[in-house]
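In what follows, a single structure is set out as structure tokens and then discussed.
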Amino acid sequence: MFKLGLKSPPPSSSPHHLLPLLLLSIIIINSTATATANAKGFKEAPQFYNSPSCPSISTQDMCSQQAVHVAMTLDFPYLRGTMAAIFSILQHSSCPENIRFHFISSPSSTHLHETITSSFPYLRSQIYSFDTNPVSGLISTSIRSALDSPLNYARNYLANILPPCVPKVVYLDSDLVLVDDIASLAATPLGTGTVLAAPEYCNANFTTYFTPTFWANPMLSLTFSGRNACYFNTGVMVIDLERWREGDYTTKIVEWMELQKRMRIYELGSLPPFLLVFAGNIAAVDHKWNQHGLGGDNFRGLCRNLHPGPVSLLHWSGKGKPWVRLDANRPCPLDALWAPYDLLRTPFALES
């Protein structure tokens, strides 16, 4: 409770004379409290250091080929998830000082980088402004409104957004945590001519990602002819940006998005264009690097169990997000695995 600290008025004074001063004091105190809460909304994470075997990289070098480059989008609804993801990456890395974070945000959200650096003052990172206007006109409504955010499509333009000196990047969604060294994921061999690597799921019904209109048109369905096309989740990818630029893959993805505006060939946001361009032509990554679907389906977000096998990365793809369910006091069992990485200050911590 805030105390205004005003002296009691003399008996002859009217309380109404003090009303403007009282209201002004309340406004000032509330404004100060709000500013303090915003500034201290997240705890400062501990600093992590390289093991002796790590190569030495200048702290100012954002282009080093010895570094692990990580790209993530940055927006307010997923900020809490982003903070947890960064924390988990650093905590489980053998060379945390050699990780370079590249954050992409809309022009109105670049200030969120200050929130990141307040909790991770030692972080080697760069913020990039993504002009969402061009892609906004290419987005078709999907089965869940959150999938229609223009920032979801920033992954299509990574090779244009990041500087040419960055040769390869690990792209990660914000609703995940790592429990293994990201350097192992970044070292995934891409082979000759392969542009990206991701865990594939060939047991998924691939046909459901496209409409009957697509499959009924031979000119379109033949796209996958000769390709062992399997579903892969675009929330965890290792991308060779040099090969991407050489093959002009952004243009290829955009062309499919333009066709989608003329005739509806898919339903699920930014994923299908990636499948159309890359499915069947990617390097495989062990499934442990994307235990996805922990957020449930795209409609109800029901609780799910882990897939069989080892775990290096937990991914709450789907409608349900762990921080939302925890705040609502309705967590799923696996949300307890995300909670230790949550840097949000509790009300008790703010008071103390």
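Numbers below:
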| quantity | calculated |
| --- | --- |
| Above-threshold pairs, the threshold being 29 Å between Cα atoms, out of Lys261/Lys288; Lys252/Lys321; Lys43/Lys168; Lys261/Lys319 | Lys261/Lys288; Lys252/Lys321; Lys43/Lys168 |
| At q = 0.17, 0.27, 0.33 Å⁻¹, base-10 log of I(q)/I(0) for region 222-268 (Debye sum, equal scatterers on each alpha carbon) | -0.75, -1.22, -1.07 |
| Highest to lowest packing among 71-81, 47-57, scored as the average C-beta count within 10 Å | 71-81, 47-57 |
| nm² value of the averaged projected area, convex hull over the Cα atoms of region 254-352 | 9.4 nm² |
| Label-point separation, Thr110 to Asn205 (7 Å along Cα→Cβ), nm | 4.6 nm |
| Part-to-part distance (alpha-carbon centres) for region 157-200 and region 54-89, which is given in Å | 12 Å |
| Surrounding net charge for Trp289, when Lys and Arg each add one and Asp and Glu each subtract one, Cβ distance under 12 Å | -3 |
| Region 214-296 - convex hull of alpha carbons, volume per residue in Å³ | 118 Å³ |
| Gain on full stretching of the segment that runs from Leu343 to Met263 - 0.36 nm per residue minus C-alpha separation | 24.4 nm |
| Stokes-Einstein D (µm²/s) once Rh is taken as the Kirkwood radius of region 145-239 over alpha-carbon pairs, at 37 °C in 0.692 mPa s | 206 µm²/s |
| Computed label-point distance, nm, for sites Thr117 and Asp61 using a 7 Å Cα→Cβ extension | 2.1 nm |
| Förster radius 35 Å - calculated FRET efficiency between Ser221 and Gln126, Cβ distance, rounded to 0.05 | 0.25 |
| Protection proxy ranking, peptides 132-139, 196-203, 119-126, 231-238, average beta carbon neighbours within 10 Å, highest first | 231-238, 196-203, 119-126, 132-139 |
| Stretch gain in nm, segment Cys165-Arg245, where the contour uses 0.36 nm per residue and the Cα spacing is subtracted | 27.6 nm |
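Bear in mind that the values in this text are calculations on the coordinates, not laboratory data. On a predicted model such as this, the values are computed, not experimentally measured, just so you know. Virtual Cβ from ideal backbone geometry, glycine too; neighbours counted across all protein chains shown.
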